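Asker: Below is a structure I'd like to ask you about.
Any read-out appearing in this document is the output of simple, stated calculations on the displayed coordinates, not a laboratory observation. Note that the coordinates shown come from a computational prediction; the quantities given were computed from them, not determined experimentally. No Cβ is skipped: glycine too gets one built from the backbone with ideal geometry, and neighbour counts run over all protein chains shown.
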Amino acid sequence: MLDVKKIRGDFPIYQSDKPFVYLDSASTTQKPQVVIDAVSTYYNAYAANIHRALYEIGEKATDAYENVRLKVKAFLNVPDTHSVIFTRSTTESLNLVAYAWGQKFLKAEDDVLVSEMEHHSNLVPWQLASKKKGVNLDYIPLADDGTLDTSKLGDLISSNTKLVSVGHQSNVFGTVNPVKEIIAAAKSVGAVTVLDGAQAVPHMAVDITDIHCDFYAFSGHKMVGPTGVGVLIGRTELLDKMDPFMSGGEMINTVTMKESTWNDVPWKFEAGTPNIAQVIGLGAAIDYLQLIGVDAIHDHEQSLLKYGLEILSQNKDITLYGNAANRGAVIPFNVKRVHSHDLAKFLDTDGICVRAGHHCAQPIMNHLGVSATARASFYLYNDKNDIDQLAKSIEKTARIFA
């Protein structure tokens, strides 16, 4: 088990005497001082634009920014046939693929396959593409236990399937999807594969070489990094054929008044001044997670998940959703007679932070037959006492609404 007391010492938000139980890391994580320092040091000591300045601090900023690409490559075992592109978020990364690849290569009557489990960020872009290009959009159905029903995958994937895009881990159920099985089926018909890894990268060891997908997207803010930075990993041969997602400075090679040519990948997809400080902060976050150990974090979370399910299942007023054998440390639930929004506000009076709503996954809520759920999600700075406090506060709230 992790030394949670020691880890909390790394996070400024835990230094207050005010009650604080943070159980919403699936939404965004707290930030350790080393990440905060990395961002502030850039602004304090060498704030300059990158790839442009020939003076010392400009070269330092460029080196610091580009070094994070190497950190991402090593952290996820990205092979040389891929490129690491910095974006603002997982959402922007997925939109980049939907626009720069989808708008160029999809055509009427092609099929795109997603799943019923997707975050809106990996559903709405493909809905827009399907309407604009006349593409058929289908989905892998959700089973009642919070897993994907892949039994009919062979029927859903055909020679018309040009792209398959699914989440690596569900933000609602925590379900870790059988992505290698799905990717193998997609590749058997030559389809391009995309994974939304926003919920996976912070919580488990991810090996891009082993997964063998074409595109992989994730965000910094869900892995103790800053907000405003995301990553898209893509195969260079695909990226080379794609048009730029945005245009302007830095993404060009030559410009005349009549036409322009594009910079090499990955810079072709990084128009304008990027989020330099945030990318540098992401590098510090990767260093921090590697220092703790991703496998150790995963084992710690699994222990909390098991304990949380045991404790919450003892309350007969609580309905738990999802029962996947392979899942991350996320527990969606509802309390009888208490709307999840009301529950979240009452828990907040005890200093407990949980998510309440549809979690940007309305099709899942529709499948469950509910408008919303509460969600507790755990990370490296949580312990069993956090779960005990959650259970006590839920019981107190339930008595109020009885």
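Asker: So which GluC sites (Glu not before Pro) in region 165-266 pass both tests, a DSSP loop state and at most 12 other Cβ atoms within 10 Å of the Cβ?
Answerer: When the GluC sites (Glu not before Pro) of region 165-266 are filtered for loop state and at most 12 Cβ neighbours within 10 Å, GLU259 remain.
Asker: Which of VAL172, VAL370, VAL335 moves most in a GNM of the chain, Cα contacts under 10 Å?
Answerer: Taking springs between Cα atoms under 10 Å, the residue moving most is VAL370.
Asker: Which of THR91, THR29, THR209 moves the most in a Gaussian network model of the chain with Cα springs under 10 Å?
Answerer: Fluctuation is largest for THR209.
Asker: Which longest run of the chain has no exposed loop site in it, a site being trypsin sites (Lys or Arg not before Pro) in a DSSP loop with at most 15 other beta carbons within 10 Å, and the site itself not part of the run?
Answerer: With a cap of 15 other Cβ atoms within 10 Å, the longest stretch comes to 153-257.
Asker: Let me ask another. Taking region 43-147, which chymotrypsin sites (Phe, Trp or Tyr not before Pro) meet the DSSP loop condition and have no more than 14 other C-beta atoms within 10 Å?
Answerer: When the chymotrypsin sites (Phe, Trp or Tyr not before Pro) of region 43-147 are filtered for loop state and at most 14 Cβ neighbours within 10 Å, TYR55 remain.
Asker: Which residue fluctuates the most in the chain, going by a Gaussian network model with Cα springs under 10 Å, if the choices are ALA45, ALA205, ALA184?
Answerer: ALA45
Asker: Right, something else. From the phi of every residue in region 316-332, what ³J(HN,Hα) in whole Hz does the Karplus formula 6.51 cos²θ - 1.76 cosθ + 1.60 yield, where θ is phi - 60° and glycine or proline is x?
Answerer: Those phi angles translate into 5, 7, 9, 9, 9, 10, x, 8, 5, 5, 10, 9, x, 7, 10, 10, x Hz.
Asker: Against the globular-protein guess of 2.2 N^0.38 Å, express the Cα radius of gyration of region 283-347 as a ratio, rounded to two decimals.
Answerer: My calculation over the Cα atoms of region 283-347 gives 1.44.
Asker: For region 320-402, how big is Rg over Rh, using alpha carbon atoms and the Kirkwood form of Rh?
Answerer: A ratio of 0.96.
Asker: Related question: Roughly how many whole Å is it from the C-alpha centroid of region 177-230 to that of region 250-324?
Answerer: 10 Å
Asker: Take HIS367, HIS82, HIS119 and order them by how many other Cβ atoms sit within 10 Å, fewest up front. Write out the running numbers ahead of the final one.
Answerer: Numbers: HIS367 17, HIS82 25, HIS119 21.
Ranking HIS367, HIS82, HIS119 by Cβ neighbours within 10 Å, fewest first, gives HIS367, HIS119, HIS82.
Asker: Let me know the volume per residue of the alpha-carbon convex hull for region 138-229, in Å³.
Answerer: In region 138-229, the Cα hull volume divided by residue count equals 106 Å³.
Asker: Going through the cross-link list LYS222/LYS268; LYS131/LYS306; LYS31/LYS384; LYS162/LYS306; LYS18/LYS396; LYS73/LYS258, which pairs have a Cα-Cα distance over 31 Å in this structure? Intermediate values should be presented prior to the final figure.
Answerer: On the way: LYS222/LYS268 26 Å; LYS131/LYS306 43 Å; LYS31/LYS384 21 Å; LYS162/LYS306 39 Å; LYS18/LYS396 20 Å; LYS73/LYS258 37 Å.
Violating the 31 Å Cα-Cα cut-off are LYS131/LYS306; LYS162/LYS306; LYS73/LYS258.
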